[in-house]
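Take a look at the structure below.
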Amino acid sequence: MSNLFPDSPFFGGKTHGIQGFPIRHIFMARAIHKIAESNSEPKMLEVGSWTGSSVLTWSQAIVEFCSGGGTILCVDPWLPYFNEKDIFSNSGYQDMNDAAALDLSYNLFLHNIQFAATDVKINHFRGSSSDVLPYLAADSFDIVYLDGSHCLEDVRYDLAQADKLLKNGGILCGDDLELKGDECDLEFAREHPNSDFLADPKTGNNFHPGVTVAVHEMFPEVSSYCGFWLMQKIDGKYQTVDLVSSSFVMPSHFPEALQASILEELKAYLEQKAVPKS
Ligand SMILES: C[S@@+](CC[C@H](N)C(=O)[O-])C[C@H]1O[C@@H](n2cnc3c(N)ncnc32)[C@H](O)[C@@H]1O
């Protein structure tokens with residue numbers, strides 16, 4: 001890989017390297033700003049890393065906000081994980097399964113993390129969360145980020161493990177909460193525990209039903225920003241987190257056009273948040 005892309009990370013082609021909703025990375029970085037209030041050298045666990053885009057955002061934010069740098073442990077099997085039914089509805093999933101089967105995603109991950117800030121140490125274990133997380137020490141991470149399997153039982157498992165692994169004061173967070181439990185047709189979501197991404201009949205919006213149900217079960221009230229959700233553990237209880245802040249990190253590995261569109265989207269989001277509810 002380094003021969004092909006000696007000077008930069010690579011997220012292009014059919015890699016689907018920049019996943020989902022890029023605006024969420026702005027709020028991910030703000031979560032680091034939040035943790036930096038009490039911790040100058042955070043230790044982080046990421047479940048689901050794909051080709052390393054989120055790791056680069058985390059590391060950039062850690063260097064920006066945490067004077068002591070930090071560590072990130074990535075856990076991912078880097079194997080095909082979409083089932084036939086979901087592939088049928090989304091051709092990108094076939095590309096991702098192919099990239100994983102060829103070990104392209106794993107090798108790209110190894111290549112891309114070389115461009116992370118040097119003050120941040122990145123380690124990884126190649127295995128599913130259920131393979132790896134039971135081996136990790138309880139109360140040892142300041143941030144746990146869940147972006148792995150979207151199947152309901154898997155997300156329930158990841159949440160329970162994350163709770164065990166998180167230190168007091170730490171942040172438990174994740175991707176893919178397009179709709180909270182009280183916003184969608186929750187019965188419909190429960191009837192589709194293993195579907196990856198589909199339309200909610202109540203709102204018409206696409207969402208990840210397994211993530212919505214599992215997060216709702218653990219956190220009936222949850223803070224979320226454009227689908228990035230987070231909660232802070234204080235004395236064994238979880239509190240919502242206010243990420244309204246002037247701190248701002250734009251992931252430098254995002255192409256310029258994407259950076260510009262994120263700024264537009266963020267402006268619209270903040271304007272909409274500022275409109276008083278009648
Ligand atoms: C949406 S991608 C992650 C994207 C990445 N966080 C980013 O933003 O660049 C989901 C990843 O989760 C991994 N995955 C799927 N099931 C998993 C499991 N049970 N445990 C850990 N990782 C899993 C997949 O291999 C894939 O790389």
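The values are calculated or read from the model by the stated rules, or taken from the named source; none is laboratory data. Note that the structure is predicted; figures quoted are calculated from it, not measured. So basically every Cβ, Gly included, is an ideal-geometry build from the backbone, and we count neighbours across all protein chains shown.
Tabulated results
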read-out: Residues of region 1-52 that turn out to be under 20 Å from A260 (Cα atoms) and of a type outside the set (G, A, S), as a count; value: 15
read-out: Subset of region 1-43 (residues that are within 12 Å of the ligand (Cβ to nearest atom) and farther than 14 Å from P251 by Cα); value: T15, H16, G20
read-out: All positions within region 62-88 that are surrounded by 14 or more Cβ atoms within 10 Å (Cβ to Cβ), touching a residue at least 24 places away in the same chain (Cβ under 8 Å) and over 28 Å from M250 (Cβ atoms); value: P77, Y81, F82, N83, D86
read-out: Top-ranked residue in region 117-168 [being assigned to a helix (DSSP H, G or I) and among the hydroxyl-bearing types (S, T, Y); ranked as surrounded by the fewest Cβ atoms within 10 Å (Cβ to Cβ)]; value: Y135
read-out: Subset tally (residues that are within 16 Å of the ligand (Cβ to nearest atom) and out of contact with any His (no Cβ under 7 Å at 6 or more places or on another chain)) for region 172-212; value: 11
read-out: Members of region 127-155 found to be within 13 Å of the ligand (Cβ to nearest atom) and free of Cβ contacts under 8 Å to residues at least 40 places away in the same chain, listed by number; value: S130, P134
read-out: Criterion violated by Q114 - all others in (1) within 16 Å of L56 (Cα to Cα); (2) away from the ligand (no atom under 13 Å from the Cβ); (3) not in a helix (DSSP H, G or I) satisfied; value: (3)
read-out: Number of the condition not met by S54 [criteria: (1) part of a strand (DSSP E or B); (2) within 16 Å of the ligand (Cβ to nearest atom); (3) among the hydroxyl-bearing types (S, T, Y)]; value: (1)
read-out: Number of the condition not met by A99 [criteria: (1) hydrophobic (A, V, I, L, M, F, W, C); (2) in a loop (DSSP other than H, G, I, E, B); (3) in contact with a helix residue (DSSP H, G or I) (Cβ under 6 Å, 6 or more places away or on another chain)]; value: (2)
read-out: Residues satisfying the stated conditions in region 225-273, i.e. closer than 17 Å to I32 by Cβ, in a strand (DSSP E or B) and in contact with a Ser or Thr (Cβ under 9 Å, 6 or more places away or on another chain); value: W229, L230, M231, Q232
read-out: Verdict on E41 being buried (at least 20 other Cβ atoms within 10 Å of the Cβ) and acidic (D, E); value: no
read-out: Those residues of region 17-29 which are at pLDDT 95 or above and in contact with a helix residue (DSSP H, G or I) (Cβ under 8 Å, 6 or more places away or on another chain), in sequence order; value: P22, I23, H25, I26, M28, A29
